[in-house]
Every structure is written in structure tokens, then in C-alpha cells.
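The values are calculated or read from the model by the stated rules, or taken from the named source; none is laboratory data. In this text the structure is predicted, and so the values were computed from the model without any measurement. Don't worry about glycine lacking a Cβ; one is built from the backbone with ideal geometry, like all the others, and counts go over all protein chains shown. The area values use the complete protein model at the heavy-atom level, side chains included, leaving out ligands, DNA and RNA. Shrake-Rupley method; radii C 1.70, N 1.55, O 1.52, S 1.80 Å.
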Amino acid sequence: MAQPHYDRLETRDPDERERELCGRLPDIIALALSAPGWAQHLAGVEPNAITSRAALAKLPVMRKSEFAARQKAQPPFGGLNVTAPGRARRLLMSPGPVFEPEGSGQDYWGAARALFAAGMRTGDIVHNAFAYHLTPGGFIMESGAHALGCAVIPAGTGNTEQQLEAIAHLKPSGYLGTPDFLKILLDAAAKTGKDVASLRRGLVSGAALPRSLRDELAGRGVAVLQCYATAELGVIAYESEPRDGMIVNETVLLEIVRPGTGDPLALGEVGEVVVTTFNPHYPMIRLATGDLSMLMAGHSPCGRTNVRIAGWMGRADQTTKIKGMFVHPSQVAEVGRRHPEIGRLRLVVTRADEQDVMTLKAECASPLPGLDAAVAETLQSVTKLRGGVELVVPASLPNDGKVIADERPVG
């Protein structure tokens, strides 16, 4: 697949792209239903009725956090794979452990657009320092590099001296890996006198990229952009040179939902990232990643027209043990569903007199008398724990995606 293909598609009219992806939903859902795990999860769903985001949002989310248990109950992939394990290209394992199949096809993981945005081009040599041992990271990036026509040094992790030898001799222009390991390589090269000046650009993922580290790497000659990827979904979103948010990969449909629910949130609201892919081997229908982000207004200054997210903003799984019992974000959401007159909710957990104390803060524009007591009764019914209720004015709670805020002192 030629380079211009990846760039041209990203500048299409957003409405055209949306119509195309939503038009493919019936086929991918029908295909998913041929797998026993999806057939159980989506029982009763009529694929031909799912032709819009609104219809998609009515389907239950599949939680990534449940994959290990699902795979243990129904090995090897929880019944979610369409392609039989023996017909996959690779069988991989991520920490958890969670197992993933890699199917056939060019740019299987959807990494090519991210590499192109980071400056990789046909004929480039790239040094791939993502792990190749069991985990999919190395293969995710390699498949995208090959789709762009790049040669790949399969460096993997560790063996710093050997990697420096390879860089000095083969002179790659691009780096793929974590930002931390890139710094390790540059530091080691400075100490040993190895020539790594060929490295000019990088695509990093898998670790935090604070501005201080990005600036340090740029000051040492390597301009890096980052992407957001998971083993089940491939590359979800990526930066472009203006570094103004992350552009959602146009191979997926992304939603931001209220944590603990499948309810889509408005533009600018922080919530959980939920993704639907069109992978014929291992389809994912509304996979809740457990990560927080938010949708951004407008398009990237680089000219790509797909929707953007603000990048990784924390974890959505805020399950908290209170008075010896686990309270889940879904339970807080259930309280809200039973009282539609209240808006954003935040369950705050503190300590007083050596006891756990929970207070549900609920936004409400015009509370009727007795509403706080009614909400408190519902809170106890849902969580089996007593808690206070504080009604607050709309837009007064932080827009940070937190449904449960554990403010108890540590230690």
C-alpha cells in the first residue's frame, strides 16, 4: 500500500468517513456473531439495525478488564476470535496474561498512518525497539513500517550495546519504541562515543512522554511524536506535527462514554475510551479500554480531518473498597439513572473518626425538596452502604472523568 493512500484518506470529508464506517457496522457485527463469545454478549442484536452511532451506542460494552477471566473460561481468546487459532499468523501474549491473535493482511494493526504522521517514508530504515518476545508491540509497529515501505531493524528491548552497534552501522533515520528507552540509547551512545546521529525522528508509545523528556530528545536531535495503541485494537490514535491532540485512526469508530456505563458523552467531557474495530479476524465491538480521554473540537492544524482526542488522561476503572465492600463506577451511574433530574456525579470517599465516609456529590439545577434524601436512599439500595448526598450547582464538579474520588489519606 503506497504512502499517499494513508495521507489521502485522512483528509476526506468527515461526514463521508462517518457514513462509510457506519455503513460497515452491520457486516462486522454479523461476522462477530459467528464467534461464540460475541454471540453470547450480543444475543438478540439484529446486525442490519446497527447503521449509526446512535444504534451502536445501544449495544453493551465489552470490558477489556474482563478478558483474562473470559479467556480462562473459554480458551484461548474467550470465544471472541472469528479466525481459528491455527489459521492466525501469530499467537501473542500480553501482561495479565491476556492472549491475542494476529491475523493476515497488510498493516494489520493500523500503525501505518501513525508512522507516516511521524515522518516515516518509503525507503527509510527504522529501528524498532518495541518487544518482539511474545507481546505484540514489535509486530504492531513493524507491520505499519512494512506497509509504508520502510526497512525494519528488529531490535526489541535490552542489549543496549548491540543496539548501538546496529544503529551506528545501519544508520536508521527513525526510532520506534518507548521514549524512556530512546533516552537510554542516547545516553549510552554519549558515554561510549557511538554514532547515533542518523536518528532524526521517532514514534513512541507505551510510556509517559512528559514535555521535559520530549524537549530533551528534540534537543539531542530526535523529534518524537506519540501514538495510543492496545493489543486488541492496534493503533487507536496518533499525534501529528502540530502536536495538538491525537487524531483518531480512521480504521476505527471511537466513543467517549461515562465511566461504568456505555452512555456517550458530549464533546469536551472526560470519559472512558470505547472503540469498535472492523478486524475480520478478531473484531471488537464497543471495547471499553479502561482509559480516560475526551473528544476535542475542530480538526488538526495539520489538515487531517478525523476527530481528535486529548490523549491519555488516566484510568476509568475506579473501583474502590469502602467499609470492606467494593463500590463500582457502574453503581454510581445506576444511581444517576434512577434520578434523571441530577447530572454529573462524583462519589467522594474520605475518613472521619477512623471510619470510611462516602458522600455523593450530584449536580442539579433545580432540586425539589427531599431530593437529597431520596438519592441517599437509592445510594444505599445500590451499594448496600450508607452515604451522604450533597447537591451542587451544574458545572461545579471537575471535568476529569472521575466518578469515584478516593481522598482517604495514605499511610
List the strands (runs of 3 or more DSSP E) inside region 327-411, counting only whole elements, that have at least 1 residues being at pLDDT 95 or above and open to solvent by 20 Å² or more (accessible area, probe 1.4 Å). 345-352, 355-363, 388-392
How many residues does region 91-110 contain that are within 10 Å of Ala147 (Cβ to Cβ) and of a type in the set (D, E, K, R)? 1
Subset of region 308-317, residues closer than 21 Å to Ile404 by Cα and part of a strand (DSSP E or B), comes to Arg315
Find all pairs meeting these conditions: Cβ atoms under 8 angstrom apart; at least six residues apart or on different chains; first residue within region 394-411 and over 14 Å from Leu265 (Cβ atoms); second residue of a type in the set (S, T, N, Q) and surrounded by fewer than 17 Cβ atoms within 10 Å (Cβ to Cβ). Ile404/Thr319; Glu407/Thr350; Arg408/Thr350
Sole miss for Gln106 among (1) surrounded by 24 or more Cβ atoms within 10 Å (Cβ to Cβ); (2) under 26 Å from the mean Cα position of the chain (by Cα) is condition (1)
Candidates Thr305, Thr261 - the one that is farther than 26 Å from Gly103 by Cβ, in contact with a His (Cβ under 8 Å, 6 or more places away or on another chain), of a type outside the set (Phe, Trp, Tyr) and assigned to a loop (DSSP other than H, G, I, E, B): Thr305
Would you mention how many residues in region 311-324 are open to solvent by less than 40 Å² (accessible area, probe 1.4 Å) and either of a type in the set (Gly, Ala, Ser) or touching a Pro at 6+ places or on another chain (Cβ under 7 Å) (or both)? 4
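Run down Leu209, Leu203 and say which single residue is outside any loop (DSSP other than H, G, I, E, B) and not polar (S, T, N, Q). Give the derivation first.
Numbers: Leu209 fails: outside any loop (DSSP other than H, G, I, E, B).
Within the list Leu209, Leu203, the selection yields Leu203.
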Output the qualifying pairs, or none if there are none: Cβ atoms under 7 angstrom, residues six or more apart or on different chains, first residue in region 155-178 and at pLDDT 95 or above, second residue of a type in the set (D, E, K, R) and not in a helix (DSSP H, G or I). Leu164/Lys194; Ala168/Lys194; Ala168/Asp195; Ser173/Asp124; Ser173/Arg200; Ser173/Arg201; Gly174/Asp124; Gly174/Arg201
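Let's see how each residue does on (1) buried (at least 22 other Cβ atoms within 10 Å of the Cβ); (2) in contact with a helix residue (DSSP H, G or I) (Cβ under 8 Å, 6 or more places away or on another chain):
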position	(1), (2)
Glu165	no, no
Leu176	yes, yes
Lys194	no, yes
Arg200	no, no
Ala207	no, yes
Evaluate the following for Leu134: is it part of a loop (DSSP other than H, G, I, E, B), more than 23 Å from Ser240 (Cα to Cα), touching a residue at least 12 places away in the same chain (Cβ under 8 Å) and open to solvent by 50 Å² or more (accessible area, probe 1.4 Å)? yes
Within the set of pairs 6 or more residues apart or between chains, which connect a residue that is farther than 13 Å from Ala118 by Cβ and acidic (Asp, Glu) inside region 180-206 to a residue that is open to solvent by 20 Å² or more (accessible area, probe 1.4 Å) and in a loop (DSSP other than H, G, I, E, B) with Cβ atoms less than 9 Å apart? Asp180/Gly206; Asp180/Ala207; Asp180/Ala208; Asp195/Lys171
Take the residues in region 261-276 that are surrounded by fewer than 22 Cβ atoms within 10 Å (Cβ to Cβ) and among the β-branched types (Val, Ile, Thr), then tell me which one is nearest to Ala117 (Cα to Cα). Val270
Six or more apart or on different chains, Cβ atoms under 6 Å: show the pairs whose first residue is in region 287-299 and within 15 Å of Gly401 (Cα to Cα) and whose second is of a type in the set (Phe, Trp, Tyr). Asp291/Trp312
With respect to the numbered conditions (1) aliphatic (A, V, I, L, M); (2) in contact with a strand residue (DSSP E or B) (Cβ under 7 Å, 6 or more places away or on another chain); (3) open to solvent by less than 10 Å² (accessible area, probe 1.4 Å), which one is the sole condition not fulfilled by Ala147? (2)
Considering region 111-131 alone, what residues qualify as being open to solvent by less than 20 Å² (accessible area, probe 1.4 Å), closer than 13 Å to His146 by Cβ and small (Gly, Ala, Ser)? Ala111, Ala112
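Yes or no, residue by residue, for (1) modelled with pLDDT under 95; (2) in a helix (DSSP H, G or I); (3) open to solvent by less than 70 Å² (accessible area, probe 1.4 Å):
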| site | (1), (2), (3) |
| --- | --- |
| Ala39 | no, yes, yes |
| Thr51 | no, no, no |
| Pro60 | no, no, yes |
| Phe67 | yes, yes, yes |
Let me spell it out: the conditions are (1) open to solvent by less than 20 Å² (accessible area, probe 1.4 Å); (2) over 15 Å from Met62 (Cβ atoms); (3) touching a Leu at 6+ places or on another chain (Cβ under 9 Å), and Leu292 meets all of them except one. Which number is the exception? (3)
